[in-house]
1. Angle, helix 33-72 long axis vs. longest principal axis of the chain, Cα atoms, 0 to 90°, nearest 10?
2. Multiply the residue gap between K6 and V24 by 0.36 nm, knock off their C-alpha separation, and tell me the result in nm, one decimal place.
3. Taking the Cα atoms of the chain, report the difference between the largest and smallest coordinate on each principal axis, in whole Å and largest first.
4. Which value, in debye to the nearest 20, describes the size of the charge dipole of the chain about its Cα centre when Lys and Arg Cβ atoms bear +1, Asp and Glu Cβ atoms bear -1, and nothing else is charged?
5. For a quick protection proxy, order the peptides 36-49, 14-27 by their average other-Cβ count within 10 Å, most packed first.
6. Among the lysines in the chain, how many pairs, 8 or more places apart or on different chains, have alpha carbons under 20 Å apart?
7. Grab the beta carbon distance between N17 and L38, set R0 = 22 Å, and tell me the FRET efficiency rounded to 0.05.
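Bear in mind these aren't lab numbers, they're just calculated from the coordinates by the rules spelled out. Note that the structure is predicted; figures quoted are calculated from it, not measured. With ideal geometry, Cβ positions are generated from the backbone for all residues, glycine too; neighbour counts draw on all protein chains shown.
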Amino acid sequence: MADDSKMLHCDFCGKSNHDVRMLVGGLKANICNECVGLAWQLSKESEIRESVGRMVKRVMFPVLAIRDFFAGKPS
Ligand SMILES: [Zn+2]
C-alpha cells in the first residue's frame, strides 16, 4: 500500500501534490497552482470589470454633458 502520509491535496479542487505542478500550503488549507491561477484570473476579470465601469462613467459623463448642452440651449 502506498504511503499517503506525505500526500497533500488542494482544498479547492482536491488534486494531490502529485497531480499538480505546485501546491501551496496555508495554515488551514492548501491550494494548487491551477487554483491560484484561476483565482488570479477571476480577480483580474473583476478588476477589468471595475475599470471598464469607471471608464464608461468617465466617457459617458462628458457625452451626457454635451448632449444636455445642445439639448438645453435654445436655438
Ligand atoms: Zn486546486
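1. 0
2. 5.1 nm is the gain from fully extending K6 to V24.
3. 90, 21, 13
4. The calculated dipole for the chain is roughly 620 debye.
5. For the peptides 36-49, 14-27, the packing ranking is 14-27, 36-49.
6. Taking the chain as the scope, the lysine pair count is 4.
7. Working: r = 17 Å, r/R0 = 0.79.
So, using R0 = 22 Å, E works out to roughly 0.80.
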